[in-house]
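Heads up, the thing below is written out as structure tokens.
The values are calculated or read from the model by the stated rules, or taken from the named source; none is laboratory data. All values reported here derive from a predicted model rather than from experimental measurement. Cβ sites come from the backbone with ideal geometry, for glycine too, and all protein chains shown count toward neighbours.
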Amino acid sequence: MGDKKIAIVTGASSGFGMLTSIELAKQNYYVLATMRNVNKKVALLEKAEEAAVTKMVEIYPLDVTDENSILALKEKLKKLGRVDVLVNNAGFAGAGFSEEIPIEEYRQQFETNVFGAISVTQLCLPYMRFQKTGKIINVSSISGRVGFPGLSPYVASKHALEGWSESLRLEVHPFGVDVVLVEPGSFQTSIWSSGKYITERSLQNHSPYSSYMKKLSLQLEKGEASYGDPIEVAKLITEICQKSTTKLRYPIGKGVRLTLFLKGCLPWRIWERIVMKKIQ
């Protein structure tokens, strides 16, 4: 790859991952844009062509929850010989009410959002330590710091990602490696759009949580018009990759900083009242 820096981006078939891959390529990174289903590569390739960075983007199949896929990536990294940036973006949002969510659905959520990020990071760290430089950017969410009803699988996985990232940053800082959390609020990505990962029982009319679920869904739909453009997150990630010094957390999105401030300073009983009022 000559003097080009190498970036690995997981979950690059759409949303933040796809746009981040393009933005990094525009900054002369050679990007290994990974996705579970390479049949979804068309949109990414079209954007790469529009930006004239096709030669800087390589599509690579990766299922972060599959051991064989992880082992194949290990061999690929040996051929690349270095890793300068890892963007752990692969993820999905599980929803429903805790009483009704099968434990297996919680496990699937953690396998992708937490253990998948850990697995890929463990492959990249030896290269970064040897180089004495590197950036690991974990795409979290405001849900990693604020709990919301009906989203406990996603919220729990993002809280876990945040805790792991805090520890990891302290562990690898002496080796010149930065670990960063990017914490988006609501953006126009496909993570919420399909309802695919809402547990079935919470969608049924006989569920005791049915009316609660409908109110939450209505709140999400009402807010869609104000959702941010995901290119903002992609640009932020790219900027972080080029910084000599970084912070641990970068919240981004409409109302995110205010929400975090209020959650941090208000007594729980008042915070709870505010949240419940919004959905009742």
Q.
Between Ile198, Ile237, Ile252, Ile191, which is of a type outside the set (Asp, Glu), modelled with pLDDT under 80 and in contact with a strand residue (DSSP E or B) (Cβ under 6 Å, 6 or more places away or on another chain)?
A. Ile198
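Tally up the residues in the stretch 220-274 that are among the polar types (S, T, N, Q) and touching a Ser or Thr at 6+ places or on another chain (Cβ under 8 Å), please.
The first filter runs over the stretch 220-274 and keeps only residues among the polar types (S, T, N, Q), leaving 226, 238, 242, 244-246, 259.
Keeping just the survivors that are touching a Ser or Thr at 6+ places or on another chain (Cβ under 8 Å) gives 226, 238.
So the answer is 2.
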Q: Could you please give the count of residues in the stretch 93-145 that are modelled with pLDDT of 95 or more, outside any helix (DSSP H, G or I) and aliphatic (A, V, I, L, M)?
A: 3
(Q) Of all residues being out of contact with any Asp or Glu (no Cβ under 9 Å at 6 or more places or on another chain) and of a type in the set (D, E, K, R) in the stretch 118-137, which is surrounded by the most Cβ atoms within 10 Å (Cβ to Cβ)? Just the residue, please. (A) Arg129
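Only one of Glu100, Glu111 is charged (D, E, K, R), under 15 Å from the mean Cα position of the chain (by Cα) and under 30 Å from Lys215 (Cα atoms); which?
Numbers: Glu100 fails: under 15 Å from the mean Cα position of the chain (by Cα).
Exactly one residue qualifies, and that residue is Glu111.
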**Q.** the stretch 151-188, residues that are crowded, with 22+ Cβ neighbours inside 10 Å and either in a helix (DSSP H, G or I) or without any contact (Cβ under 8 Å) to a residue 40 or more places away in the chain (or both)
**A.** Pro153, Tyr154, Val155, Ser157, Lys158, Leu161, Ser165
Q) When you scan the stretch 247-263, how many residues do you find that are part of a loop (DSSP other than H, G, I, E, B) and either over 18 Å from the mean Cα position of the chain (by Cα) or of a type in the set (Phe, Trp, Tyr) (or both)? A) 1
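Test Val87 against the criterion of being in a strand (DSSP E or B), at pLDDT 95 or above, surrounded by 15 or more Cβ atoms within 10 Å (Cβ to Cβ) and among the β-branched types (Val, Ile, Thr), and give yes or no. Break it down stepwise before answering.
Details: in a strand (DSSP E or B): yes; at pLDDT 95 or above: yes; surrounded by 15 or more Cβ atoms within 10 Å (Cβ to Cβ): yes; among the β-branched types (Val, Ile, Thr): yes.
Yes.
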**Q.** Residue match in the stretch 58-68 (condition: under 12 Å from Thr10 (Cβ atoms), charged (D, E, K, R) and without any contact (Cβ under 8 Å) to a residue 40 or more places away in the chain)
**A.** yes
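This table checks each residue for (1) of a type outside the set (Gly, Ala, Ser); (2) touching a helix residue (DSSP H, G or I) at 6+ places or on another chain (Cβ under 7 Å); (3) closer than 23 Å to Lys135 by Cβ; (4) loosely packed, with under 15 Cβ neighbours inside 10 Å.
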site	(1), (2), (3), (4)
His206	yes, no, no, yes
Met213	yes, yes, no, no
Leu216	yes, yes, no, no
Glu221	yes, no, no, yes
Lys235	yes, yes, yes, no
Glu239	yes, no, yes, yes
(Q) Checking the conditions here, which among Ser207, Ser244 is over 16 Å from the mean Cα position of the chain (by Cα), closer than 16 Å to Phe97 by Cα and not basic (Lys, Arg)? (A) Ser207
Q: Considering (1) under 30 Å from Leu266 (Cα atoms); (2) out of contact with any helix residue (DSSP H, G or I) (no Cβ under 9 Å at 6 or more places or on another chain), say which one Gly144 fails and leave the rest.
A: (2)
Q: Mind listing whichever residues of the stretch 1-35 are at positive phi and buried (at least 24 other Cβ atoms within 10 Å of the Cβ)?
A: Gly11
